[in-house]
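Single-structure report; data block below.
The values are calculated or read from the model by the stated rules, or taken from the named source; none is laboratory data. Since this is a predicted model, take the numbers as computed values, not measurements. As a convention, Cβ positions derive from the backbone with ideal geometry for all residues, glycine included, and neighbour counts pool all protein chains shown.
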Amino acid sequence: MIINYNTPVTDIKGVGPKTAEHLGKLGIITMGDLLSYFPRSYLVYGGLKNISELADDEMAAVRVRVDMVGNIRRVKNNMSLLTLEVSDDSGNMVIKYFNMPFMAKAVRKGGYYIFRGRVAKNGREISMVQPKKYSGDEYSALSGSYQSIYPLTKGLSNSQLSKAVKKSLEMADFSEDYLSGDERDYLGLPDIKWAYRNIHDPGSDSDAMLARRRLSFDEMFFFVMYLRKNRELIKDRENTCPMVESAEVTRLIEKLPYKLTKGQTKACKDIISDMTGKHLMNRLVQGDVGSGKTIVSVIALLNAVSNGYQGALMAPTEVLAAQHYRTVSDLTKMYGLPFKTVLLTGAVKASDKKKIYSDIASGEVNLIIGTHALIQDNVVYKNLGLVVTDEQHRFGVRQRENLASKGAGPHILVMSATPIPRTMAIVLYGDLSISAIKDMPEGRKPIKTCVVGESYRPSAVSFIKEEIGKSHQIYIICPMVEASDEDEADPELKNVIEYTDRLKSILGERYRISYLHGRMKPQDKDFILSEYARGNIDILVSTTVIEVGVNVPNATVMMVENSERFGLSQLHQLRGRVGRGESQGYAIFMTSKSDEKTMERLGILAKTNDGFEISSHDLKTRGPGELFGVRQSGELSFRVADIFADADLLQKASDHADKILDSDRHLSAPENRSLKNELEFFGRNYLDFRTI
């Protein structure tokens with residue numbers, strides 16, 4: 001544990017007001033925040049290679065002679081291109097610089113230089129794009145060292161952030177470690193001080209990965225410990241909202257124009273059994289994208305309302321909340337359901353909120369649908385009997401608890417579209433019973449999926465135009481918000497801002513194109529999503545922020561750029577946004593990597609639409625080296641841990657938590673003092689950032 005965690009960053013030598021302001025934009029306020037802001041990748045300065053030894057897609061350094069400095073020419077998207085032809089005794093290669101015309105004067109024909117960058121092989125041509133240039137002495141000084149690369153914000157350089165981290169490591173007090181030496185030896189983990197130093201400044205790959213394992217273990221361990229303690233508080237809690245199975249539920253199921261699947265039927269039976277049993281329900285309904293979880297939640301809410309209780313449904317976005325409100329309103333009108341529903345979000349006018357608060361407190365309304373607004377202090381429920389949180393992995397644990405605390409002891413139902421293996425779900429959702437919906441509603445067409453390279457792009461554009469011609473809508477996903485100005489930026493990575501501008505210039509004003517990303521203000525994001533849902537946008541270029549989005553039956557194509565940068569499960573979640581209407585849905589996963597390993601990994605998406613099978617494959621194929629950078633698990637995010645690649649750590653964390661609590665349930669033993677303090681610190685300062 002970092003004893004002086006809350007020391008302000010302004011107390012760190014070299015961090016002035018301006019730098020502190022930029023750090024604040026990244027959520028870095030204290031020294032502890034800074035030390036917990038981990039690198040996204042590392043630059044490793046290895047030995048020099050001959051051109052003939054270079055492998056495709058590797059980062060490497062070569063000492064070469066410049067044989068030709070080409071003319072600077074304009075290429076697509078108003079970019080300039082400078083080409084250098086270089087060679088050594090073993091072969092030739094091409095070096096390309098985009099938007100860096102000054103490099104033409106930084107080298108001379110016949111001169112020898114060291115270039116370090118990512119290698120690309122295309123047929124016989126070997127090339128590097130945007131490599132860094134070094135003199136022999138410069139590279140010798142760096143050889144064998146590692147440079148940490150951090151996510152940045154405008155005005156803050158990697159060098160500034162690295163220096164601040166270095167000073168913090170010198171100042172930090174790591175005098176307490178909740179794991180004893182024997183426990184660390186048993187678990188195969190280093191002490192906490194070593195871990196922090198080597199995650200930020202490793203001496204080797206193995207040091208970086210060992211440091212990461214320790215910090216990953218800590219994240220998972222404290223989360224599991226919190227769940228275990230929370231489970232103790234709610235386990236076998238008396239049913240303070242006793243109910244009977246309502247005839248309204250039976251009537252609705254009989255009137256629906258479709259038959260519930262076996263999974264939906266089983267989930268409904270589990271829920272009704274919980275609500276009518278001796279103990280309060282605390283259940284997770286886990287179902288793949290499009291498996292029909294919404295109607296299950298409506299049935300649960302209908303049973304609560306029919307028994308005289310209020311129900312609350314919390315969604316992660318205002319647009320999704322509004323969508324649920326319309327769905328319930330339509331069902332109420334169509335089948336004469338006893339819902340008196342109100343929509344409560346941050347967008348509701350203050351004058352209207354006052355009336356809504358009054359109606360909730362008096363019981364005039366019995367179903368409240370909304371966002372985080374449902375857990376504000378002003379909201380007082382008359383008799384809250386059931387709390388449903390949709391897209392559970394988007395809410396912090398504490399947010400779920402806060403909503404539950406609004407009642408005397410309501411039943412809790414959480415929904416998740418994340419298809420993780422059941423063994424993991426038992427650990428991660430350790431305080432919940434689990435119902436899994438594995439089958440899909442009758443008539444839901446599997447998404448037709450293809451994994452293609454750049455050569456397919458003209459065909460993809462033509463296909464998109466055809467779909468828009470049929471009055472359908474398109475999603476295009478990019479891994480980045482905007483172009484990075486970092487030293488080692490990959491020009492092949494597509495970003496939302498430039499991509500949208502380029503698409504508009506290519507397609508012209510005939511098509512309505514907008515963009516969406518997580519840095520936008522909530523009201524702006526909700527406006528764009530609403531416009532898309534209304535059909536006023538033909539193509540929405542977005543980051544993965546739409547992974548949890550609205551139901552747009554008219555959207556038929558999901559195209560993902562740089563798809564190799566995403567986890568398989570996240571790609572599966574993304575394609576679940578299309579094909580939700582009567583028309584066939586299509587997913588086009590574009591990749592600039594055509595090697596066998598990449599195509600085989602992505603190929604599983606073309607072979608199956610089963611999210612559970614895909615997540616299992618993700619678990620087997622994702623390596624720790626892929627956890628830094630753009631590609632992340634997306635669905636269940638820790639700061640550094642990953643539930644797929646770190647599955648063994650998750651199990652160790654669970655076993656260790658059980659071992660400690662079995663012998664010292666209240667953590668009152670002297671040897672657990674540090675552990676108790678750190679667990680309390682975790683609960684106070686970290687859970688709000690958790691998204692499981």
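Somewhere in segment 258-278, is a residue among the aliphatic types (A, V, I, L, M) and free of Cβ contacts under 8 Å to residues at least 40 places away in the same chain?
yes
Might you let me know whether segment 289-298 holds any residue that is within 22 Å of Gly336 (Cβ to Cβ), small (Gly, Ala, Ser) and in a strand (DSSP E or B)?
No, every residue in segment 289-298 fails to be within 22 Å of Gly336 (Cβ to Cβ), small (Gly, Ala, Ser) and in a strand (DSSP E or B).
Do we have any residue at all in segment 391-403 that's out of contact with any helix residue (DSSP H, G or I) (no Cβ under 6 Å at 6 or more places or on another chain), part of a strand (DSSP E or B) and either at pLDDT 65 or above or under 19 Å from Glu238 (Cα atoms) (or both)? Give the steps one after another, and end with the answer.
Filtering segment 391-403 down to residues out of contact with any helix residue (DSSP H, G or I) (no Cβ under 6 Å at 6 or more places or on another chain) leaves 391-395, 399-401.
Filter once more, so that each one left must be part of a strand (DSSP E or B): none.
The answer is no, given that none of the residues of segment 391-403 is out of contact with any helix residue (DSSP H, G or I) (no Cβ under 6 Å at 6 or more places or on another chain), part of a strand (DSSP E or B) and either at pLDDT 65 or above or under 19 Å from Glu238 (Cα atoms) (or both).
Consider Ser306 carefully, then state whether it is surrounded by fewer than 22 Cβ atoms within 10 Å (Cβ to Cβ) and touching a helix residue (DSSP H, G or I) at 6+ places or on another chain (Cβ under 6 Å).
So Ser306 fits the description; yes.
Are any of the residues in segment 176-190 on the phi > 0 side of the Ramachandran plot, in contact with a helix residue (DSSP H, G or I) (Cβ under 9 Å, 6 or more places away or on another chain), of a type outside the set (A, V, I, L, M, F, W, C) and modelled with pLDDT of 90 or more?
yes
Which of the numbered conditions does Met59 fail, given that it passes all the others? Conditions: (1) under 30 Å from Arg197 (Cα atoms); (2) modelled with pLDDT of 95 or more.
All conditions pass for Met59, except number (2).
Residue-by-condition table, conditions (1) crowded, with 22+ Cβ neighbours inside 10 Å; (2) in contact with an Asp or Glu (Cβ under 9 Å, 6 or more places away or on another chain):
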site: Ser542; (1), (2): yes, no
site: Asn554; (1), (2): no, no
site: Asn562; (1), (2): yes, yes
site: Gln573; (1), (2): yes, yes
site: Val578; (1), (2): yes, no
site: Gly581; (1), (2): no, no
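Among residues belonging to segment 2-25 that are of a type in the set (A, V, I, L, M, F, W, C) and at pLDDT 90 or above, point out the one that is nearest to Lys154 (Cα to Cα).
Leu23
Considering (1) in a helix (DSSP H, G or I); (2) in contact with a Phe, Trp or Tyr (Cβ under 8 Å, 6 or more places away or on another chain); (3) not charged (D, E, K, R), say which one Ala312 fails and leave the rest.
The number of the failed condition is (1).
Inside segment 22-120, counting only strands (runs of 3 or more DSSP E) that do not spill past its ends, which hold 2 or more residues that are more than 30 Å from Asn6 (Cα to Cα) and among the small types (Gly, Ala, Ser)?
The qualifying strands (runs of 3 or more DSSP E) are 59-69, 79-88.
Looking at Ser594, Ser569 in this structure, which one is buried (at least 24 other Cβ atoms within 10 Å of the Cβ) and either more than 17 Å from Pro479 (Cα to Cα) or polar (S, T, N, Q) (or both)? Don't jump to the end; show me each part of the working.
Working: Ser594 fails: buried (at least 24 other Cβ atoms within 10 Å of the Cβ).
Unique residue meeting the criteria: Ser569.
With the condition kept exactly as written, say whether any residue in segment 204-220 is touching a Ser or Thr at 6+ places or on another chain (Cβ under 7 Å), part of a helix (DSSP H, G or I) and either touching a residue at least 12 places away in the same chain (Cβ under 8 Å) or surrounded by 23 or more Cβ atoms within 10 Å (Cβ to Cβ) (or both).
no
Among residues belonging to segment 121-130 that are charged (D, E, K, R) and assigned to a strand (DSSP E or B), point out the one that is surrounded by the most Cβ atoms within 10 Å (Cβ to Cβ). Explain how you work it out, then say what you get.
Applying the first criterion (charged (D, E, K, R)) to segment 121-130 yields 121, 124-125.
Adding the requirement that they be assigned to a strand (DSSP E or B) leaves 121, 125.
Working: Lys121: 15, Glu125: 10.
Here the answer is Lys121.
Conditions tested, residue by residue: (1) of a type in the set (Val, Ile, Thr); (2) surrounded by 15 or more Cβ atoms within 10 Å (Cβ to Cβ).
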| site | (1), (2) |
| --- | --- |
| Ala436 | no, yes |
| Pro441 | no, yes |
| Pro446 | no, no |
| Thr449 | yes, yes |
| Val452 | yes, yes |
| Arg457 | no, no |
| Glu466 | no, no |
| Gly469 | no, no |
| His472 | no, yes |
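Tally the residues that are part of a strand (DSSP E or B) and loosely packed, with under 15 Cβ neighbours inside 10 Å, restricting the search to segment 322-349.
The number of residues fulfilling the criteria is 0.
Pairs only if they're at least six apart or on different chains, beta carbon under 9 angstrom, first in segment 604-615 and among the aromatic types (Phe, Trp, Tyr), second crowded, with 23+ Cβ neighbours inside 10 Å; list them, first residue then second.
Phe612/Asp288; Phe612/Pro419; Phe612/Ile420
Could you say whether any residue in segment 583-599 is under 29 Å from Glu442 (Cβ atoms) and at pLDDT below 75?
No; the residues of segment 583-599 include none that is under 29 Å from Glu442 (Cβ atoms) and at pLDDT below 75.
Would it be correct to say that Thr10 is touching a helix residue (DSSP H, G or I) at 6+ places or on another chain (Cβ under 9 Å), closer than 23 Å to Ala172 by Cα and touching a residue at least 24 places away in the same chain (Cβ under 8 Å)?
no
Read through the list (1) modelled with pLDDT of 75 or more; (2) out of contact with any Gly (no Cβ under 7 Å at 6 or more places or on another chain); (3) of a type outside the set (S, T, N, Q), then give the number of the only condition that Phe628 fails.
The single condition Phe628 does not satisfy is (1).
Among the listed residues Lys229, Lys193, identify the single one that is among the charged types (D, E, K, R) and in contact with a Gly (Cβ under 9 Å, 6 or more places away or on another chain).
Exactly one residue qualifies, and that residue is Lys229.
Considering only segment 355-371, state which residues are surrounded by 14 or more Cβ atoms within 10 Å (Cβ to Cβ) and part of a helix (DSSP H, G or I).
Narrowing segment 355-371 to residues surrounded by 14 or more Cβ atoms within 10 Å (Cβ to Cβ): 356-357, 359-361, 363, 365-371.
Of everything in segment 355-371, those that are surrounded by 14 or more Cβ atoms within 10 Å (Cβ to Cβ) and part of a helix (DSSP H, G or I) turn out to be Ile356, Tyr357, Asp359, Ile360, Ala361.
From the list Lys154, Lys133, which residue is charged (D, E, K, R) and not in a strand (DSSP E or B)?
Exactly one of Lys154, Lys133 is charged (D, E, K, R) and not in a strand (DSSP E or B), namely Lys154.
Return the residues of segment 503-522 that are more than 14 Å from Ile477 (Cα to Cα) and not in a loop (DSSP other than H, G, I, E, B); say none if nothing qualifies.
Lys504, Ser505, Ile506, Leu507, Pro522
Right, Asp352: closer than 29 Å to Gln573 by Cβ and surrounded by fewer than 15 Cβ atoms within 10 Å (Cβ to Cβ) or not?
Against the criterion (closer than 29 Å to Gln573 by Cβ and surrounded by fewer than 15 Cβ atoms within 10 Å (Cβ to Cβ)), Asp352 does not qualify.
Can you tell me how many residues in segment 447-467 are more than 25 Å from the chain's Cα centre (by Cα) and among the hydrophobic types (A, V, I, L, M, F, W, C)?
Qualifying residue count, segment 447-467: 4.
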